[in-house]
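Heads up: the structure comes next, in structure tokens.
The values are calculated or read from the model by the stated rules, or taken from the named source; none is laboratory data. Since we're looking at a predicted model, the values are computed, not measured. All Cβ positions, glycine included, derive from the backbone under ideal geometry; neighbour counts span all protein chains shown. When the accessible area is computed, the model is the full protein with side chains, heavy atoms only, and any ligands, DNA or RNA have been set aside. Shrake-Rupley method; radii C 1.70, N 1.55, O 1.52, S 1.80 Å.
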Amino acid sequence: VIIAMACVFVYSLVIDYLGFIIATFVLVAVLFRLGEPRRWWAVLAMSAGVTFIAYFFFGIVLKVLFPKGVLGF
């Protein structure tokens, strides 16, 4: 639990620099990996899916403005 809370804290610090998509993808991947041992390809696929759904729902449907980060997306 402490590692998960530390990850969310680090996420809050880097989201402006990395942007929503990259920071969320990394956070979700780490949290999925901490939760239950899974293959890396499954963790990456699930992380991409969660990030896409979150971006689609909040960014496109609800039109929430997210930090773009250094890469611009």
Report task. Mind checking the chain for trypsin sites (Lys or Arg not before Pro) that DSSP puts in a loop (not H, G, I, E or B) and that have at most 13 other Cβ atoms within 10 Å? Result -> R38, R39, K63, K68
Query raised in the report: When the helix-only estimate is applied to the chain (DSSP H runs of n ≥ 4, each -39,500 (n - 2.57), divided by the residue count), what is the mean residue ellipticity at 222 nm, nearest 500 deg cm²/dmol?
Result: -22000 deg cm²/dmol
Report summary line: Checked the chain against the a/c 1.5 cut and the a/b vs b/c comparison, axes a ≥ b ≥ c from its Cα gyration tensor; verdict oblate
Report summary line: The percentage of the accessible area of the chain (probe 1.4 Å, all protein chains present) made up of carbon and sulfur atoms, to the nearest whole number, is 78 percent
Requested in this report: Considering Cα pairs under 8 angstrom that are at least six residues apart, work out the relative contact order of the stretch 16-67 and quote it in whole percent.
Outcome: 48 percent
Query - Per residue accessible area of the chain, 1.4 Å probe, in Å² - result: 73 Å²
**Report entry** Local net charge near V50, Cβ-Cβ under 14 Å (Lys/Arg +1, Asp/Glu -1)
**Finding:** +2
